[in-house]
Number of protein chains: 2
Amino acid sequence: MDDRTNLLRIPARATRALIADCFVAAGLRQTDAARCAELMTEADLTGADGHGIFRLPQYVRRLNAGGFNKQPNITVTKTAPATALVDGDNGMGHLVMSRATNEAIAIARETGVSWVGVRRSNHAGPAGLYAEMPAAHGMIGFYAAVANANHMATWGGADLLLGTNPLAIGVPSGDAPLVFDMATSIVAYGTVKKYALRGLTMPEGWFVKPETGEAITDPAKSHEGILLPMGEYKGSGLALMIGLLAGVLNGAAFGRDVVDFNADDASETNTGHFMIAVDIARFVPLATFTAEVDRHVRDLRASKRLPGVETIRLPGDRRAECRAERLRDGVPIAAQLLAQLDKLAAELKVKPLRGR
Amino acid sequence: MDDRTNLLRIPARATRALIADCFVAAGLRQTDAARCAELMTEADLTGADGHGIFRLPQYVRRLNAGGFNKQPNITVTKTAPATALVDGDNGMGHLVMSRATNEAIAIARETGVSWVGVRRSNHAGPAGLYAEMPAAHGMIGFYAAVANANHMATWGGADLLLGTNPLAIGVPSGDAPLVFDMATSIVAYGTVKKYALRGLTMPEGWFVKPETGEAITDPAKSHEGILLPMGEYKGSGLALMIGLLAGVLNGAAFGRDVVDFNADDASETNTGHFMIAVDIARFVPLATFTAEVDRHVRDLRASKRLPGVETIRLPGDRRAECRAERLRDGVPIAAQLLAQLDKLAAELKVKPLRGR
């Protein structure tokens, strides 16, 4: 992403405040609005541009259209000593996954590991956001979700039956946690939307036409195509398995039942996720673990490099760099998005972004 | 793999019997030898050619050189209600992982989910073998391991610090379980060894020279190169995270500490694995789950296809087809491997393969 010409820089406290005010104006409880704003801003700060304030107009549209429950009663059913099933009551995914992750951490403290399944949730932003949370408690987080639209086909297929179903793993270190966050598609769909918004051309190998298998490089035409999986059949197989574990296991949507939340603002999505938390100290003392992680990270960073490679990047590096840079310089907002946000602020009668 | 000219077909009962006899002659307990033979034959039947009888000469070499403990005392320490740490006492990996998987299933029956970490184990064959086991108990299996040699570098790097660290997930259906089994490298190293044995040329994009980044296509020269990860930085990141979860978390080897078991027959490898088992009935009735899995599988199979694609293949299809075909026609054994096995049988004074 190198087209920065039409990007403004807005301080994170301003984007966070706009998001929170819009959600309150749209009918969310004050604390829920603040939590969603916090997590969406964290997405923006850590470089998940397709998951932060970019989604605000769409989320408000869904709240207005009845697609989200504005004031959900999220319930947790303990189904065994180490498992729970969370029913999100169709609330904002951020609220549901915050609750589910807290539950996973609390259970794992007692039982060493926990698996919390989630049904009736919604789009919750970048996977890394939740996988990272257990790290602050000396735990490993392992998160996956069924994506909210089917942009992929199974390998060799031409019907859109699979989402970009992401997987994320967070691991504490002596420094910032390592956060691995991967879409099972060759690229995250949020990135495609960002390309469209910025008028950029996509590389070949991202999308193909279902009829001919030819490449599509215009992001505005991506809806006519099939998003290809990461690593050919591997990404497609992993997207399927995540669909079964995060969707079917929880009685949540997968495959043909997935509601395309980009096209439909009103229908409940019944989004599924799962979170595994592992209490490190049940296996090895936490300090031993983080020291060993640090040692291996040092080895990898000090590695000889292939010709033309300047820096070795490890999972979480880009997030951390981006976070520091954007806290200092502000969140980049495309002119087109800014116009959408101004329109939204006017409609909801809240202060616009640039007045904050 | 289309060079079938120098392949003989040997019945699975004959390969299984040879493996068991060789292991007993090499000093394993009768039941342990039988268990290893069973699992290695299952690897051969299901198409994991780099993990079956192909490994027998190397395993026997390691047993003779003291690299494996012939009669290990495998111990299980319950570290929390839902977690356990298995110490393999440097026994054959197949024995250690069989024990660990049984433990994972037993714990998950009580607590809904279990996480069993393993240290001081060894190469245990294809990941799918273990991920599939919980399915027969109405459970999901989720397995990963630190590979027994570092053939990969971190993305952009030129030092061999990462293995092909595999990940496998097994899910029951109304029919055979779905088994997803993926190396985090672009190709499994066993496949490379198979190419070498059969004198085949590797495609570009599998190995590069560390000094220049140029492709290596001669499998005999693969040891001079770097095996590339699946999906570029994604495969490398996932290999690292698996290394931390299956290695470091268990006090097992990772990174610089990995012993290359292809080059060193005598040193203990301290191989790490983990197995997660999830009891499906704690989330949704098992029959509901398998019926839903079947429905989604039907949808995917009936999918329209891209031009030139004959059949949609799902995780586990190739295993199942291969198993049926090889049970009928026998396990394919390359002439060069057969010669090695004849030599081994003579050394151990057991009946050769073709006399069985």
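The values are calculated or read from the model by the stated rules, or taken from the named source; none is laboratory data. It should be emphasised that the depicted structure is a prediction, and the values quoted were computed from it without experimental measurement. Reconstructed Cβ throughout: ideal geometry from the backbone, glycine too, with neighbour counts over all protein chains shown.
A compact table of results
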{"quantity": "Residue list for the range B:252-265, filter: assigned to a loop (DSSP other than H, G, I, E, B) and of a type in the set (D, E)", "calculated": "B:D260, B:D264, B:D265"}
{"quantity": "Residue match in the range A:72-83 (condition: at pLDDT below 95, touching a Lys or Arg at 6+ places or on another chain (Cβ under 7 Å) and either of a type in the set (S, T, Y) or in a helix (DSSP H, G or I) (or both))", "calculated": "no"}
{"quantity": "Members of the range B:222-265 found to be more than 7 Å from every other protein chain (Cβ to nearest Cβ) and of a type in the set (A, V, I, L, M, F, W, C), listed by number", "calculated": "B:I226, B:L227, B:L228, B:A239, B:I242, B:A246, B:A252, B:A253, B:V258, B:V259, B:F261, B:A263"}
{"quantity": "Inter-residue pairs, beta-carbon under 8 Å, first under 13 Å from B:A281 (Cβ atoms) and small (G, A, S) and in the range B:98-118, second in a helix (DSSP H, G or I) and modelled with pLDDT of 95 or more, 6+ apart", "calculated": "B:A108/B:P134; B:G112/B:R282"}
{"quantity": "Restricting the range B:135-153 to residues that are in contact with a strand residue (DSSP E or B) (Cβ under 6 Å, 6 or more places away or on another chain) and among the aliphatic types (A, V, I, L, M), the residue that is surrounded by the fewest Cβ atoms within 10 Å (Cβ to Cβ)", "calculated": "B:A135"}
{"quantity": "Options B:Y143, B:Y189, B:Y195; residue that is under 15 Å from the mean Cα position of the chain (by Cα) and more than 13 Å from chain A (Cβ to nearest Cβ)", "calculated": "B:Y189"}
{"quantity": "Residues of the range A:116-130 classified as within 9 Å of chain B (Cβ to nearest Cβ) and either over 21 Å from A:P81 (Cα atoms) or among the β-branched types (V, I, T) (or both), total", "calculated": "0"}
{"quantity": "Residues of the range B:167-200 that turn out to be among the aromatic types (F, W, Y) and either in a strand (DSSP E or B) or modelled with pLDDT of 85 or more (or both), as a count", "calculated": "2"}
{"quantity": "Residue among A:E204, A:E132, A:E110 that alone is crowded, with 23+ Cβ neighbours inside 10 Å, among the charged types (D, E, K, R) and outside the structural domain of A:L45 (by TED's automatic domain parsing)", "calculated": "A:E132"}
{"quantity": "Those residues of the range A:323-356 which are closer than 17 Å to A:E132 by Cβ and in contact with a Leu (Cβ under 7 Å, 6 or more places away or on another chain), in sequence order", "calculated": "A:R323, A:R326, A:L327"}
{"quantity": "Candidate set: the range B:146-166, residues that are among the hydrophobic types (A, V, I, L, M, F, W, C) and not in a strand (DSSP E or B); chosen: the one nearest to the other protein chains (Cβ to nearest Cβ)", "calculated": "B:A158"}
{"quantity": "Residue ID - nearest to the other protein chains (Cβ to nearest Cβ), chosen from residues in the range B:91-115 that are in a strand (DSSP E or B) and closer than 22 Å to B:G125 by Cβ", "calculated": "B:W115"}
{"quantity": "Unmet requirement for B:M133, which otherwise passes all of (1) hydrophobic (A, V, I, L, M, F, W, C); (2) assigned to a loop (DSSP other than H, G, I, E, B); (3) away from chain A (no Cβ under 12 Å)", "calculated": "(2)"}
{"quantity": "Tally of residues being more than 12 Å from every other protein chain (Cβ to nearest Cβ) and either small (G, A, S) or crowded, with 24+ Cβ neighbours inside 10 Å (or both) across the range A:167-182", "calculated": "2"}
{"quantity": "Residues that are free of Cβ contacts under 8 Å to residues at least 24 places away in the same chain and within 27 Å of the chain's Cα centre (by Cα), drawn from the range B:297-314", "calculated": "B:L300, B:R301, B:T311, B:I312, B:R313"}
{"quantity": "Of residues in the range A:207-228 being in a loop (DSSP other than H, G, I, E, B) and in contact with a Pro (Cβ under 8 Å, 6 or more places away or on another chain), the one surrounded by the most Cβ atoms within 10 Å (Cβ to Cβ)", "calculated": "A:G225"}
{"quantity": "Exclusive hit being closer than 14 Å to B:L353 by Cβ, of a type in the set (D, E, K, R) and not in a loop (DSSP other than H, G, I, E, B), set B:R35, B:R16, B:R62", "calculated": "B:R16"}
{"quantity": "The range B:179-205: number of residues that are over 13 Å from B:A220 (Cα atoms), in contact (Cβ under 8 Å) with a residue 40 or more places away in the chain and among the charged types (D, E, K, R)", "calculated": "1"}
{"quantity": "Number of the exception - B:P126 against (1) more than 16 Å from the chain's Cα centre (by Cα); (2) farther than 17 Å from B:V259 by Cα", "calculated": "(1)"}
{"quantity": "Residue match in the range B:237-251 (condition: in a loop (DSSP other than H, G, I, E, B), under 26 Å from B:E103 (Cβ atoms) and of a type in the set (V, I, T))", "calculated": "no"}
{"quantity": "Some residue of the range A:200-212 being away from chain B (no Cβ under 11 Å) and touching a strand residue (DSSP E or B) at 6+ places or on another chain (Cβ under 6 Å)", "calculated": "yes"}
{"quantity": "The range B:95-107, subset buried (at least 24 other Cβ atoms within 10 Å of the Cβ) and not hydroxyl-bearing (S, T, Y), residue nearest to the chain's Cα centre (by Cα)", "calculated": "B:M97"}
{"quantity": "Candidates A:A346, A:A281, A:A324, A:A339 - the one that is in the same structural domain as A:V24 (by TED's automatic domain parsing), over 25 Å from the mean Cα position of the chain (by Cα) and among the small types (G, A, S)", "calculated": "A:A346"}
{"quantity": "Residue in the range A:268-282 that is basic (K, R), free of Cβ contacts under 8 Å to residues at least 60 places away in the same chain, at the interface with chain B (Cβ under 7 Å from one of its Cβ atoms) and crowded, with 22+ Cβ neighbours inside 10 Å present", "calculated": "no"}
{"quantity": "Output for the range B:309-319, where each listed residue is more than 7 Å from every other protein chain (Cβ to nearest Cβ) and surrounded by fewer than 17 Cβ atoms within 10 Å (Cβ to Cβ)", "calculated": "B:E310, B:T311, B:D317, B:R318"}
{"quantity": "All positions within the range B:15-42 that are under 19 Å from the mean Cα position of the chain (by Cα) and surrounded by fewer than 18 Cβ atoms within 10 Å (Cβ to Cβ)", "calculated": "B:A34, B:E38"}
{"quantity": "Test: residue in the range A:80-94 that is more than 18 Å from A:L337 (Cβ to Cβ), buried (at least 21 other Cβ atoms within 10 Å of the Cβ), touching a His at 6+ places or on another chain (Cβ under 8 Å) and touching a residue at least 40 places away in the same chain (Cβ under 8 Å)", "calculated": "yes"}
{"quantity": "Sole residue being among the β-branched types (V, I, T) and outside any helix (DSSP H, G or I), chosen from A:T288, A:T269", "calculated": "A:T269"}
{"quantity": "Top-ranked residue in the range A:283-308 [being of a type in the set (S, T, Y) and under 21 Å from B:L249 (Cβ atoms); ranked as nearest to the other protein chains (Cβ to nearest Cβ)]", "calculated": "A:T288"}
